[in-house]
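K.L.:
First the structure, then my questions, so here it is.
The values are calculated or read from the model by the stated rules, or taken from the named source; none is laboratory data. The model shown is predicted, which means the values in this text are computed figures rather than measured ones. Cβ placement follows ideal geometry from the backbone for every residue including glycine, while neighbour counts extend to all protein chains displayed. With ligands, DNA and RNA removed, areas are computed over all heavy atoms of the protein, side chains included. Shrake-Rupley method; radii C 1.70, N 1.55, O 1.52, S 1.80 Å.
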Amino acid sequence: MFESTFNGSHEAIVQAEKYFREAYRLQTAGDLEGAILSYHASIESFPTAEAYTFLGWAHSINNSPYEAIEACKTAIKIDPDFGNPYNDIGAYLMAMNREEEAVLWIEKAKQARRYEARHYPYFNMGRIYEKAGRWMEARDEFSAAVSIAPNYHAAKEALTRIDTMLARRN
């Protein structure tokens, strides 16, 4: 995973990837403290945007949104083309009811060159518009998310909810 994106000694990359996989395993098992320690070990072996982004995710689950945002900002410094940390910052700001600030980050996620889960920023932008009562804009964003990821149920449900609400108004 890391070798294709970054230059570094083979041993450091292998060690970083080992710690990263262990961190992810611990995180999915619910051991956030262990995951955070392993993400740090991965970063110490060889810092990557992925490791910092996932460290941010662990911090967010651990109710540390400021640490999560800082980890994502470091990920962006390492690889500004990686879309995940932009969207994640937007999501963390949304959770803090700071939607206006979130918009900038989510828009940057949409433009990122390297982003496999491209539907997430559209879904998050739809959530912002829905919360603000901007129904047609919310519908457009949810629709874009569904067109990118047709099996993304949260976006499909949100689109149905907006369409149902709009139909009742007419």
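K.L.:
Considering every residue within the range 30-43, establish whether at least one is over 15 Å from the mean Cα position of the chain (by Cα), open to solvent by 60 Å² or more (accessible area, probe 1.4 Å) and hydroxyl-bearing (S, T, Y).
P.N.:
Checking the range 30-43: not a single residue is over 15 Å from the mean Cα position of the chain (by Cα), open to solvent by 60 Å² or more (accessible area, probe 1.4 Å) and hydroxyl-bearing (S, T, Y).
K.L.:
If you go through the range 55-67, how many residues are more than 13 Å from M96 (Cα to Cα) and open to solvent by less than 50 Å² (accessible area, probe 1.4 Å)?
P.N.:
4
K.L.:
How many residues does the range 99-110 contain that are farther than 14 Å from D88 by Cβ and either without any contact (Cβ under 8 Å) to a residue 12 or more places away in the chain or basic (K, R) (or both)?
P.N.:
Counting residues in the range 99-110 that are farther than 14 Å from D88 by Cβ and either without any contact (Cβ under 8 Å) to a residue 12 or more places away in the chain or basic (K, R) (or both) gives 1.
K.L.:
Modelled with pLDDT of 95 or more, crowded, with 16+ Cβ neighbours inside 10 Å, touching a Leu at 6+ places or on another chain (Cβ under 6 Å) and in a helix (DSSP H, G or I): is that true of Y19 in this structure? Lay out the reasoning, then the answer.
P.N.:
Values: modelled with pLDDT of 95 or more: yes; crowded, with 16+ Cβ neighbours inside 10 Å: yes; touching a Leu at 6+ places or on another chain (Cβ under 6 Å): no; in a helix (DSSP H, G or I): yes.
Answer is no for this residue.
K.L.:
Quick check: is even one residue across the range 79-86 touching a residue at least 40 places away in the same chain (Cβ under 8 Å) and of a type outside the set (S, T, Y)?
P.N.:
So the first thing to find is which residues in the range 79-86 are touching a residue at least 40 places away in the same chain (Cβ under 8 Å), and the list is 79.
Okay, now just the ones that are also of a type outside the set (S, T, Y), so 79.
The answer is yes; a qualifying residue exists.
K.L.:
Next up: Looking only at the range 122-170, which residues are modelled with pLDDT under 95 and among the charged types (D, E, K, R)? First the steps, then the outcome.
P.N.:
Restricting attention to the range 122-170, the residues satisfying the condition of being modelled with pLDDT under 95 are 165-170.
The answer is R168, R169.
K.L.:
Using beta carbons and a limit of 7 Å, which pairs, at least six apart or on different chains, have the first residue in the range 22-38 and more than 12 Å from N62 (Cβ to Cβ) and the second one open to solvent by 30 Å² or more (accessible area, probe 1.4 Å)?
P.N.:
A23/F54; Y24/F54; S38/Y19; S38/E22
K.L.:
I'd like to verify a number: residues in the range 109-155 that are under 15 Å from the mean Cα position of the chain (by Cα), under 25 Å from R169 (Cβ atoms) and among the aromatic types (F, W, Y), how many?
P.N.:
Within the range 109-155, residues that are under 15 Å from the mean Cα position of the chain (by Cα), under 25 Å from R169 (Cβ atoms) and among the aromatic types (F, W, Y) number 2.
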